[in-house]
Amino acid sequence: MPADILARMGALARVPEHSLPLMTALSQGEPFCIGPYFFLAAEDWLMAVAYPLDGRYDQATFEASLEEALDRTGATACWAIGPELPDRLAPQMVDRDRYYVLSAHAVPPSRLRGPLKKVAETLTVTEGTTFTPEHRRLWGEFLGRIQRGEAPAMAPHVAALYARTPEALAKAGGSLRLLDARDAEGRLVACLLLDYAPENFVSYVLGAHSRVHGVPHATDLLFAAMLERARAAGKRFIHLGLGVNEGILRFKRKWGAQPGLPYVMAEWTEAPGRKAQSQDASAGDDARLIQDMALAFLRAPAERPRIVEDRPSRRPFAMLWEVEKNGRTSWVGGSAHFFCHSFEPSFRRLFRKVNTVLFEGPLDEGFMAEVDRAGRTPLPGATPILELLDEADIRRLERVVYGPQGALARSFGLEHKPRVDVRHLLATARPWCAFFSLWTAFLERQGWRDSVDMEAWRVAHDMGKSVVGMENLEEQLDSLGSLPSERVVRFFRACKGWKALSRRNMRAYLAGDLEGMMGSSAEFPTRTEYVISRRDQRFRERMRPYLEEGRCAVFVGSAHMVNLTHMLAEDGFSVRQAPFGLLPRLKLGLRRWRGGEDVAW
């Protein structure tokens with residue numbers, strides 16, 4: 001392929017994802033080609049387009065190009081789309097569909113000609129490149145119907161396209177255009193976003209229509225206008241994108257759309273330094289396998305050998321804010337005491353930019369042992385939690401914490417060996433210790449064996465950073481001791497909802513959605529005014545000198561970020577959320593856009 005292939009993308013484009021202006025505007029990634037395949041990359045992510053710009057798709061050629069792209073970028077968060085994908089990505093397939101195309105010389109179906117003539121008398125069609133407040137209202141109305149379940153659900157990456165429309169229009173150099181239909185009062189009733197960058201076709205990117213000011217067949221009128229404009233621009237066909245769902249597909253087929261290229265999409269995570277790591281891991285796995293097989297002969301028959309060691313998947317860290325003052329930059333991250341994914345690659349990238357890392361308190365083994373010892377020592381005269389729960393509450397709590405028990409569960413391999421004694425903890429531990437111990441035991445049974453702050457603590461020490469704890473043992477125990485027994489009891493009684501609560505909490509945390517996370521975790525016993533607000537002021541005072549000096553990273557529980565972002569702004573810092581990873585950034589932009597904010601990417 002010639003060296004100037006990117007300059008010829010418009011002529012070579014075969015699918016909408018080959019549009020250089022569209023893809024760079026939406027992703028803000030760096031485009032490049034390896035062989036006949038197009039890639040976009042930035043920071044820790046890579047998107048691969050396996051539709052060749054020349055010739056036919058060849059799995060071996062694409063796999064070699066993908067391997068080179070992964071080595072070149074060091075990406076960990078990866079997506080690939082194509083007519084097919086390498087066999088190794090089969091378990092990571094997240095979508096299957098087909099593109100649909102329409103000849104630019106197609107004419108409106110006969111049954112639409114009468115309605116089109118009538119609607120053309122009431123609506124005016126115009127084309128432009130400016131995203132106005134009216135477009136924002138129309139997009140908001142359309143997405144609101146989906147949120148309320150009044151329209152079919154939308155894939156996250158499609159919803160992100162709606163969020164990025166204003167910036168994409170501004171950066172696409174006029175190749176992206178809005179085709180609008182307005183009524184006699186000038187109200188926007190329907191709109192299509194079209195991409196004219198490919199030489200041979202126009203891409204229908206997305207669209208929306210109003211029900212508040214709805215006019216029947218408004219979208220059909222825009223389709224007819226789209227065909228006229230495509231012919232005038234010398235295009236051969238319209239690329240209508242994917243089938244998506246039955247409703248959308250039915251509309252496209254009504255206009256005569258024909259199935260085109262097949263479409264599959266995969267999403268996966270690559271390990272950093274994957275080649276060296278895969279060799280080392282392979283050797284380690286061999287050693288563990290031999291050891292486990294040997295131990296299997298020595299174990300009791302009821303104990304199953306652990307042949308494969310569980311490893312947490314790695315995700316980009318999204319709960320992160322950049323703070324700046326007088327040209328000096330630092331970062332504040334919202335941590336989680338328990339989690340099911342690793343953020344080590346993001347932490348290593350972040351810590352390369354800092355000298356000092358602050359935590360709520362020390363996290364070394366000696367300190368944590370002191371906290372645990374204090375929590376398991378009952379206070380004289382205090383009423384144990386056990387006496388505040390009835391027998392039905394306790395049995396329900398045991399079922400949730402222990403999981404399936406008994407001979408039947410054992411026969412299906414579902415029984416978990418209890419890691420804690422529920423009744424003993426309720427009888428002897430302080431309320432905060434009983435809460436943390438039983439909640440942790442439940443999460444571990446769900447596969448949550450990691451801690452965000454502990455992982456950050458370990459990586460910071462591993463990289464030789466100066467590590468500081470902002471609170472001492474007495475201060476932390478004082479905060480924990482303020483936890484009301486009533487809140488702990490209420491949380492235990494609601495234990496049947498713990499699984500749903502943990503899943504909502506996980507989704508919000510991975511998206512960097514602080515508001516969503518607080519909404520899903522407000523029930524936690526530790527979310528009290530005393531625990532949060534009093535410590536917020538303490539953290540504010542103790543982190544401020546380090547933040548003013550710059551090159552510092554701070555980790556506090558995510559709940560503290562609600563107040564701290566405002567406190568730091570009051571102290572003269574500029575504060576903006578700065579998540580790692582493409583998908584968290586897109587979701588952040590979508591949340592801001594829905595809230596009516598200008599989205600600065």
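How far, in nm, would the chain grow between Ser313 and Ala42 when pulled straight, counting 0.36 nm per residue and subtracting the alpha carbon separation?
Values: separation 271, 0.36 × 271 = 97.56 nm, distance 2.03 nm.
95.5 nm is the gain from fully extending Ser313 to Ala42.
Given a Förster distance of 60 Å, report the FRET efficiency between Gln92 and Thr383 from their Cβ-Cβ distance, rounded to the nearest 0.05.
For R0 = 60 Å, the calculated efficiency reads 0.70.
When ranked by the protection proxy of mean other Cβ atoms within 10 Å per residue, highest first, what sequence do the peptides 39-49, 105-115 form? The partial results should precede the final answer.
On the way: 39-49: 22.1, 105-115: 12.6.
Those peptides, ordered most packed to least, come out 39-49, 105-115.
If I model a spin label at Arg458 and Arg419 as a point 7 Å from the Cα along the Cα→Cβ vector, what separation in nanometres do I get?
1.4 nm
Express the accessible area of the range 196-270 per residue in Å², computed with a 1.4 Å probe while the remaining protein chains stay in the model.
On the way: 3180 Å² over 75 residues.
Roughly 42 Å² per residue, with all protein chains present.
Please sort by residue number the chymotrypsin sites (Phe, Trp or Tyr not before Pro) in the range 442-519 whose DSSP state is loop and whose Cβ has at most 11 other Cβ atoms within 10 Å. Walk me through the numbers before you get to the answer.
Working: sites: Phe442, Trp448, Trp457, Phe491, Phe492, Trp498, Tyr509; in loops: Trp448.
Nothing satisfies the criteria.
Hey, with R₀ at 25 Å, roughly what FRET efficiency would Glu541 and Glu322 work out to, going by the Cβ-Cβ distance, to 0.05? Write down the numbers at each step before the final one.
On the way: r = 21 Å, r/R0 = 0.83.
According to the calculation, E is roughly 0.75.
Any idea how far apart Gln59 and Val562 come out in nm if each label point goes 7 Å out from Cα toward Cβ?
Here the modelled spin labels are 5.1 nm apart.
Just report the Cα centroid separation between the range 437-455 and the range 51-128, whole Å.
41 Å
For Leu473 and Ala427, calculate 0.36 nm times their separation in residues minus their Cα-Cα distance, and state this gained length in nm to one decimal.
Values: separation 46, 0.36 × 46 = 16.56 nm, distance 2.42 nm.
Here the segment from Leu473 to Ala427 would lengthen by 14.1 nm.
Percent of accessible area on the range 1-109 owned by carbon and sulfur, 1.4 Å probe? Provide the component values of the computation, followed by the final result.
On the way: 2230 of 4430 Å².
Within the range 1-109, the accessible surface is 50 percent carbon and sulfur.
To the nearest Å, what is the center-to-center distance of the range 210-270 and the range 363-387, using C-alpha atoms only?
With the range 210-270 and the range 363-387 each reduced to a Cα centre, they are spaced 62 Å.
Report relative contact order for the chain in percent, whole number only (criteria: Cα-Cα under 8 Å, sequence separation at least 6). Intermediate values should be presented prior to the final figure.
Numbers: 967 pairs, mean separation 99.9, N = 601.
Relative CO of the chain lands at 17 percent.
By accessible area of protein heavy atoms, probe 1.4 Å, what ranking do Asp180, Asp462 get, highest first?
Numbers: Asp180 10, Asp462 100 Å².
If we order Asp180, Asp462 from most to least accessible, we get Asp462, Asp180.
How much length, in nm to one decimal, is gained on full extension between Arg352 and Thr24, taken as 0.36 nm per residue of separation minus their Cα-Cα distance?
Details: separation 328, 0.36 × 328 = 118.08 nm, distance 2.74 nm.
That works out to 115.3 nm of additional length.
Along Cα→Cβ, 7 Å out, is where each label goes; now give me the distance between the ones at Arg136 and Arg449 in nm to one decimal.
Using points 7 Å along Cα→Cβ, the separation is 4.8 nm.
Based solely on its DSSP helices, what 222 nm [θ] is calculated for the chain when runs of n ≥ 4 H residues each add -39,500 (n - 2.57) and the sum is averaged over all residues, nearest 500 deg cm²/dmol? Before the final figure, lay out each step's value.
Details: 23 runs with 262 residues, N = 601.
After summing the helix terms and dividing by residue count, I get -13500 deg cm²/dmol.
Run the accessible area of the range 438-556 with a 1.4 Å probe and give the carbon-and-sulfur part as a rounded percent. If you can, show how the numbers build up before the last one.
On the way: 2460 of 5230 Å².
Carbon with sulfur: 47 percent of the solvent-accessible area.
Within the range 138-232, report the GluC sites (Glu not before Pro) that DSSP leaves as loop and that have at most 10 other Cβ atoms within 10 Å.
The qualifying sites are Glu150, Glu185.
The values are calculated or read from the model by the stated rules, or taken from the named source; none is laboratory data. Please read these numbers as outputs of a predicted model, since none were measured by experiment. Quick reminder, even Gly has a Cβ in these numbers, built from the backbone with ideal geometry, and neighbours come from all protein chains shown. Side chains are part of the model used for accessible areas, which takes the heavy atoms of the whole protein and leaves out ligands, DNA and RNA. Shrake-Rupley method; radii C 1.70, N 1.55, O 1.52, S 1.80 Å.
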